[in-house]
Amino acid sequence: MRQSLRTNEPRLETLIGDVPQEKRDNILSFEEFCRRAASGKFGIVERYPDGSIQPFDDNMLKCFSADGGKLLILSDNPRDWLAIRRARVPRGEILIDARSAVASNLLTSETLIKMEDEEAFEAKHQWLLERARGDDKTSRSFRLLLNLIKAFRRPDVAALATLKEKEDILENEGFGRTVIHRMHSGNYEPFQSFLKTLPLHELP
């Protein structure tokens, strides 16, 4: 197995060849997490023993994408930072705010419906809507499915206890019961297929 230059950490691309799909997805999601951390898309701070907080600067963020960078997330041993050239060793606890972050290969209608952060959902919903502006049948269908996701999140629907109650309301609004059920479970193939055509690594 090919190793990184300064640690015994295997490069992630060497781990996905012959593994089950679920494990492969987890590995790719972790790699994406590291890239997002390095790009500053997460709020990352260092909390010192006295309780004060210092945000990571750009040089420290870049460490997450360096050789050995995965260790910085998986390990709580400060000595692992010695493997990263030109990086100072943190003096406190590292806190990463990844709330509402969804790896692109794990994004489904279900994760969008159940997303707790309304601001994060609106950003993702708008991004997806902007990439389905075409007048072709596939784009129009995708926009309707995005409307269904919004409908699922409405307070009057979200507050209902059972899926059947939600189906009764949404069916009266013109959505098919089978589509409602599969979108709720994140298992509606036309929606997932359209997602795969998008540059989801750019998703906010």
So residue 122 clears everything in (1) without any contact (Cβ under 8 Å) to a residue 40 or more places away in the chain; (2) outside any helix (DSSP H, G or I) except one condition, right? Which one? (2)
Any residue in the stretch 177-192 that is of a type in the set (Phe, Trp, Tyr), closer than 30 Å to residue 42 by Cα and either touching a Leu at 6+ places or on another chain (Cβ under 6 Å) or surrounded by fewer than 13 Cβ atoms within 10 Å (Cβ to Cβ) (or both)? yes
In the stretch 157-170, is there at least one residue being loosely packed, with under 15 Cβ neighbours inside 10 Å and touching a His at 6+ places or on another chain (Cβ under 8 Å)? yes
Residue list for the stretch 156-204, restricted to those being of a type in the set (Gly, Ala, Ser) and touching a residue at least 12 places away in the same chain (Cβ under 8 Å): 185, 186
Using the structure shown, decide if residue 83 is over 23 Å from residue 193 (Cα atoms) and modelled with pLDDT under 75. yes
Residues of the stretch 37-62 being part of a loop (DSSP other than H, G, I, E, B) and either within 16 Å of residue 92 (Cβ to Cβ) or in contact with a Gly (Cβ under 7 Å, 6 or more places away or on another chain) (or both), which ones? 48, 49, 50, 51, 52, 56, 57
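The values are calculated or read from the model by the stated rules, or taken from the named source; none is laboratory data. These numbers were taken from a predicted model, which means no experiment stands behind them. All Cβ positions, even for glycine, are placed from backbone atoms using ideal geometry, and neighbour counts span all protein chains on display.
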